[in-house]
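In what follows, a single structure is set out as structure tokens and then discussed.
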Amino acid sequence: MVDHANPAVSTPSSARWDPAANWHVTLGFYGDRPAQAVDDLIGGLASAARLTDRFELSLAGAGTFRQDVCWIGVADPARALPGLAERLREGYATPNQHAHNRFHVTIARAGRRSGLASAMAALSVYRGPAWTVDQIVLYRSDLGAGPGGHPLYTALAAYGLG
């Protein structure tokens with residue numbers, strides 16, 4: 001929808017909402033890697049998973065990055081995510097991770113003038129139910145290859161915690 005008082009400004013309905021199948025909490029971003037490096041990474045992930053007990057998370061809060069990426073925050077009462085993320089990134093992840101240790105689920109993207117920041121402010125008090133995290137999954141991301149031009153995420157490996 002376009003704001004008819006100012007046609008150059010789009011409204012939150014113009015957001016490109018991410019499909020629920022793409023929702024995830026990123027703990028590390030590894031960039032493009034050759035096959036051997038992926039095999040080494042998978043071994044490191046398996047080890048990190050074994051060293052981590054199951055824990056609970058919930059969704060809590062909301063906001064935007066750069067006024068155009070909508071996110072829902074992650075509450076981590078046991079503070080398990082920072083240590084797990086560090087183990088998963090160690091020696092493998094790209095430096096200067098986006099939103100380093102600001103754990104969240106991206107739900108939509110839109111232009112910078114979309115008005116999403118004010119719409120997301122209404123969700124800043126949101127608190128969702130808890131769930132138990134019992135595995136980590138390594139995904140390959142193929143940008144633009146998914147439905148509607150969204151990324152296509154393909155699971156490469158999954159490891160149970162503990």
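The combined condition, being out of contact with any strand residue (DSSP E or B) (no Cβ under 6 Å at 6 or more places or on another chain), of a type outside the set (A, V, I, L, M, F, W, C) and free of Cβ contacts under 8 Å to residues at least 40 places away in the same chain, is not fulfilled by Gly148.
Looking only at residues in the range 23-42 that are within 20 Å of Leu81 (Cβ to Cβ) and touching a strand residue (DSSP E or B) at 6+ places or on another chain (Cβ under 6 Å), the one that is surrounded by the fewest Cβ atoms within 10 Å (Cβ to Cβ) is Trp23.
Residues considered: Arg66, Arg50. Of these, the only one that is more than 15 Å from the chain's Cα centre (by Cα), at pLDDT 85 or above, farther than 23 Å from Ala145 by Cβ and exposed (fewer than 13 other Cβ atoms within 10 Å of the Cβ) is Arg50. Close Cβ contacts (under 7 Å, 6 or more residues apart or on different chains) running from residues in the range 73-85 that are farther than 12 Å from Ser58 by Cα to residues that are assigned to a helix (DSSP H, G or I) and of a type in the set (Ser, Thr, Tyr) are absent.
If you go through the range 27-43 one residue at a time, do you hit one that is at pLDDT 75 or above, touching a Gly at 6+ places or on another chain (Cβ under 9 Å), of a type in the set (D, E, K, R) and not in a strand (DSSP E or B)? Yes, because at least one residue in the range 27-43 is at pLDDT 75 or above, touching a Gly at 6+ places or on another chain (Cβ under 9 Å), of a type in the set (D, E, K, R) and not in a strand (DSSP E or B).
Ala110 - would you say it is of a type in the set (A, V, I, L, M) and at pLDDT below 80? For Ala110, the condition - of a type in the set (A, V, I, L, M) and at pLDDT below 80 - is met. Does Leu116 satisfy the condition of being at pLDDT below 85 and touching a Cys at 6+ places or on another chain (Cβ under 7 Å)? The answer is yes for Leu116. Residue check: is Thr94 within 22 Å of Leu41 (Cβ to Cβ), among the β-branched types (Val, Ile, Thr) and at pLDDT 85 or above? No, not satisfied.
The values are calculated or read from the model by the stated rules, or taken from the named source; none is laboratory data. Computed from a predicted model, the values in this text were never measured in an experiment. Ideal geometry is used to build each Cβ from the backbone, glycine not excepted, and the neighbour counts take in all protein chains shown.
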